[in-house]
2 protein chains.
Amino acid sequence: MPERDRFEALLSETLRQAAPVAVMGGPQPEYPFTYGLPDPASFPSRALLRVARTVLLEQGREALQYGNYQGDPALRSLVADRLRWLDGVEVGPEQILITNGSSQAIALVAQALVNRGDTILVEAPTFLGAVRTFELFGPRVVEIPLDDHGMRIDVLERTLTDLRRGGIQPKLLYTLPTFQNPAGVTLTLDRRRALVQLAERFNVPVLEDDPYGELRFEGRALPSLLKLDRSGLVIRCGSFSKILGAGLRLGWLAAPESLLRRLVQLKVDGGTNPFASHFAVAFARRGLLERHVRLLRRVYRARRDAMLESLEAHCSEHATWTRPQGGFFIWVQLKPEIDPARAREEALARGVAYLPGPACYSSGRGANQLRLAFSYLPEDQIRAGIARLGEALAAARRAPVAAGAPR
Amino acid sequence: MPERDRFEALLSETLRQAAPVAVMGGPQPEYPFTYGLPDPASFPSRALLRVARTVLLEQGREALQYGNYQGDPALRSLVADRLRWLDGVEVGPEQILITNGSSQAIALVAQALVNRGDTILVEAPTFLGAVRTFELFGPRVVEIPLDDHGMRIDVLERTLTDLRRGGIQPKLLYTLPTFQNPAGVTLTLDRRRALVQLAERFNVPVLEDDPYGELRFEGRALPSLLKLDRSGLVIRCGSFSKILGAGLRLGWLAAPESLLRRLVQLKVDGGTNPFASHFAVAFARRGLLERHVRLLRRVYRARRDAMLESLEAHCSEHATWTRPQGGFFIWVQLKPEIDPARAREEALARGVAYLPGPACYSSGRGANQLRLAFSYLPEDQIRAGIARLGEALAAARRAPVAAGAPR
């Protein structure tokens with residue numbers, strides 16, 4: 001019997017029903033705007049090398065040993081301290097779980113709360129990586145649309161009301177309220193307040209995913225959902241991936257202790273990396289992290305500006321787009337006269353790659369939308385790439401409808 | 001409503017049925033023989049500091065960036081190379097998954113293969129950490145006893161035959177064939193051959209967990225189950241935790257590609273630490289790992305010898321024990337005249353801690369057994385601790401039965 005068949009028959013139910021993931025690969029395009037990769041030139045390699053002596057020679061006995069399953073205590077304290085400084089939230093280290101990036105935080109929350117057939121709510125568009133993780137647990141996914149001010153709270157209320165009438169208790173609302181992935185939009189203060197009130201009224205746990213919040217280029221920071229919440233239903237997760245180094249795989253979540261104890265039980269990987277955790281703590285406790293975040297704000301603001309200016313110069317006939325106040329992404333809406341499939345071909349032929357809109361909807365909508373990441377390339381390459389994108393979109397305009405033809 | 005109740009009602013079915021884990025804590029005993037912790041004095045801190053320059057200054061753009069979900073390609077190649085050198089197994093890097101310690105490898109295999117109500121087979125005694133992970137997926141656990149030569153293959157065959165008669169297809173056989181945890185015993189070559197033949201005949205996937213195999217103090221290495229297997233049903237996992245540093249959280253598994261693709265799909269944590277992976281590769285590619293393993297063999301052999309000698313000197317009236325050829329553990333059987341509960345109290349009162357036998361059986365048996373780890377303490381402390389253990393066991397002897405009393 002061929003090996004594939006042997007294991008297919010033995011796989012768990014969930015896995016048999018899921019399609020295997022496609023593996024990324026192939027040649028790198030000249031202008032990769034597809035993924036939200038941090039800028040490699042900004043990685044604080046030299047500063048981390050300076051703290052390596054402390055981590056290895058002074059703390060080696062802890063950094064290289066088995067650690068706490070809930071995460072390194074010093075890193076949990078650091079996360080709690082930063083939540084207090086940055087967000088005014090009082091959360092103790094006992095309410096923090098250190099995870100292998102926020103990816104794992106999302107997975108643990110899904111595993112704890114979502115059973116096959118349960119209903120969960122997500123923004124549309126959203127970070128499809130999270131939705132793919134949720135789907136391992138077999139939920140029914142309901143999409144709540146966004147506009148320029150974040151999630152449409154009126155639609156959320158209507159949806160929750162309808163679900164309750166149908167006897168359905170949603171198990172989770174997943175939201176990226178700040179510099180949303182992929183749309184770049186930020187939920188307004190009024191909507192934040194309304195969202196936490198709805199969560200309480202309908203008893204729906206909220207997972208607030210905020211990997212970009214500290215990368216604000218302008219405007220005032222808004223309180224997190226965790227800060228506004230009074231019900232204990234908001235779980236907040238964040239990450240050091242965008243502010244220190246994604247390769248350290250350090251994320252975290254803050255949750256009520258009763259839930260947190262359960263999440264630790266599901267995190268059956270021996271605990272998140274003590275070695276990387278000690279580097280992060282040593283780096284931050286010397287004041288290097290806050291300095292590095294200030295640098296990153298300048299780096300990414302310049303890139304956002306370059307991309308917005310280039311879009312204005314080269315794409316305004318063909319598309320509209322969002323104007324994010326921070327984060328990594330701009331969301332583009334193609335005008336009806338642009339053929340999206342043709343646009344993608346023309347762009348790729350010019351070395352320009354982006355994330356097609358349908359990759360951001362659970363329902364596969366969004367054919368005439370796309371996501372551009374401005375995080376990865378320096379300004380000159382952003383300008384060159386967006387100029388090429390403009391050419392591609394021009395080449396993808398549909399033939400004008402002949403006069404007298406039926407509209 | 002108190003916060004606990006809010007979430008309890010919303011938890012997934014699996015989690016509602018599982019008891020929350022107890023958190024370790026409390027004061028450290030003077031002689032901690034409980035856990036299999038690597039020797040902190042042997043951590044290669046200075047050598048890792050020497051490679052930090054390479055990792056951060058030459059490879060920082062990869063070490064600090066998002067990595068491959070299947071694991072760093074250079075680390076996968078290293079694992080494949082070492083499988084070839086050490087075990088004569090030909091496995092390509094595409095058949096290797098890098099995990100957050102072998103804990104995560106075990107969890108992924110369980111998640112892929114085990115559904116609620118499925119039957120799995122484990123050794124008795126076994127590494128209960130693995131069984132606790134399996135239990136998240138709700139299996140029926142069947143225990144196969146060990147003797148001094150490893151798993152009782154005759155009992156395994158009888159059990160598989162009985163299960164087949166009952167129409168039951170076991171989903172997994174979990175085994176630690178070399179320097180078993182907790183028993184320290186090693187499966188003989190004949191039994192290894194018989195085991196893989198039974199696995200093929202009954203179509204049962206085998207998870208071969210081998211974290212200690214390289215720490216052999218004497219005798220010749222035996223071929224792994226993976227090496228002997230012809231059916232493609234053996235999944236082998238290992239770890240850098242005992243040979244480099246547990247804090248790096250680097251484990252791996254080797255599996256047929258069809259299964260491996262599915263396991264990658266379940267590993268929803270963004271991939272195992274690129275930062276730690278680059279350290280491990282840079283360390284090993286300079287020849288430092290093989291040198292370090294040779295050092296560790298000397299360190300742990302001296303500790304095993306110290307513990308065996310001390311047991312002989314202080315405990316031979318009260319107990320018998322295994323004589324491992326490698327690894328971290330000695331398994332002790334108390335004589336019938338020793339009261340196990342009393343022994344534990346007397347030992348703790350003298351600062352001596354060990355793992356009680358029932359912590360190593362899914363069925364809770366093993367009251368008059370215990371595990372001693374010789375890995376963590378230096379020889380002089382091992383000798384002092386085992387002398388105290390001898391006193392404790394002497395104090396825990398049951399009162400002699402009075403002459404003429406009913407037997």
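The values are calculated or read from the model by the stated rules, or taken from the named source; none is laboratory data. What you see is a predicted model, and the numbers here were worked out from it, not measured in a lab. Methodologically, a virtual Cβ is constructed for each residue, glycine included, from the backbone with ideal geometry; neighbour enumeration extends over all protein chains shown.
Could you check, for the range A:325-347, whether at least one of its residues is assigned to a helix (DSSP H, G or I) and either modelled with pLDDT under 95 or of a type in the set (Asp, Glu) (or both)? Checked the range A:325-347: at least one residue is assigned to a helix (DSSP H, G or I) and either modelled with pLDDT under 95 or of a type in the set (Asp, Glu) (or both). If you go through the range B:105-159 and pick out every residue that is in a helix (DSSP H, G or I), of a type in the set (A, V, I, L, M) and within 12 Å of chain A (Cβ to nearest Cβ), you end up with 10.
Each residue in the range A:160-182 was checked for being within 15 Å of the chain's Cα centre (by Cα), among the hydroxyl-bearing types (Ser, Thr, Tyr) and not in a loop (DSSP other than H, G, I, E, B), and 2 pass. Scanning the range B:75-102 for residues that are assigned to a helix (DSSP H, G or I) and in contact with a Ser or Thr (Cβ under 7 Å, 6 or more places away or on another chain) yields B:LEU75, B:ASP87, B:PRO93, B:GLY101, B:SER102. If you filter the range A:268-301 down to residues that are within 7 Å of chain B (Cβ to nearest Cβ) and not in a helix (DSSP H, G or I), you find that the one that is surrounded by the most Cβ atoms within 10 Å (Cβ to Cβ) is A:ASN273. Looking across the range B:57-104, the residues that are within 23 Å of B:GLY245 (Cβ to Cβ) and away from chain A (no Cβ under 14 Å) come down to B:SER77, B:LEU78, B:VAL79, B:ALA80, B:ASP81, B:ARG82, B:LEU83, B:TRP85, B:LEU86, B:ASP87, B:ILE96.
Restricting the range A:251-262 to residues that are more than 9 Å from every other protein chain (Cβ to nearest Cβ) and within 16 Å of A:TYR69 (Cβ to Cβ), the residue that is modelled with the lowest pLDDT is A:LEU260. Scan the range B:310-324 for residues that are touching a residue at least 40 places away in the same chain (Cβ under 8 Å) and part of a helix (DSSP H, G or I) and jot them down. B:SER310, B:LEU311, B:ALA313, B:HIS314, B:CYS315, listed by residue number. With respect to being over 21 Å from A:SER241 (Cβ atoms), modelled with pLDDT under 95 and part of a helix (DSSP H, G or I), B:VAL51 falls outside the description.
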